[in-house]
Amino acid sequence: MNNSNFVIITGLSGAGKSNAVKVFEDLGYFCIDNLPAPLIPKFAELCLQSDGKVSKIALVIDIRGDLFLDALNQNLNELNNMNIPYQILFLEASDDILIQRFKETRRNHPLSPQGTVSDGITKEREKLSELRGRADKIMDTSRMK
């Protein structure tokens, strides 16, 4: 697997991860949405054992896996130890746009099911700040549909 063939798609809820993973699927990537972080190294190992049959991988890791998010840095370090290069694509958008997108879909923010969307966004930005710092590419989707 080379650096462009193992991609971790992450970012803020409402920033477009679902749409991004559809693009990766169209490009022939094997995609998994919401894989628990502790399974990343094991999954990468299985891909290596596929004799090249599974060589383009895109994983969506986000706040829905909050229970496992704390272990994500350790799991990424395991990939480094296994000499498996990867890229992290971090999607974000402005608070106003994220709030508008949540209103349009009439969904609650995963970190604020009973509170306001803006409270959830604030919590999520804080929880994902370290992962954002590790990202190879940060994409602001505020101007995208």
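The values are calculated or read from the model by the stated rules, or taken from the named source; none is laboratory data. Just so you know, these numbers come straight off a predicted model, no measurement behind them. All accessible areas refer to the heavy atoms of the entire protein, side chains included, with ligands and DNA or RNA removed. Shrake-Rupley method; radii C 1.70, N 1.55, O 1.52, S 1.80 Å.
Maximal additional length on extending the Glu45-Lys145 stretch stands at 32.4 nm, based on 0.36 nm per residue less the C-alpha distance. Residues whose amide H comes within less than 5 Å of that of Asp33, counting only those at least five positions distant or on another chain, are Val60 (H built at 1.01 Å from N in the peptide plane). For the stretch 20-87 versus the stretch 92-145, the spacing of their alpha-carbon centroids is 22 Å.
If you wrap the stretch 75-145 in the convex hull of its Cα atoms and look at it from every side, the mean projected area works out to 5.6 nm². Across all directions, the average flat footprint of the convex hull enclosing the Cα atoms of the stretch 36-120 is 6.9 nm². The mean of 1/r over all pairs of different alpha-carbon atoms in the chain, once inverted, gives a Kirkwood hydrodynamic radius of 15.7 Å.
Based on protein heavy atoms only, the stretch 30-141 ends up with 58 Å² per residue of surface accessible to a 1.4 Å probe.
Given the pairs Lys22/Lys127; Lys22/Lys53; Lys17/Lys42; Lys53/Lys127, which are separated by over 31 angstrom at their Cα positions? Table pairs above 31 Å Cα-Cα are Lys53/Lys127.
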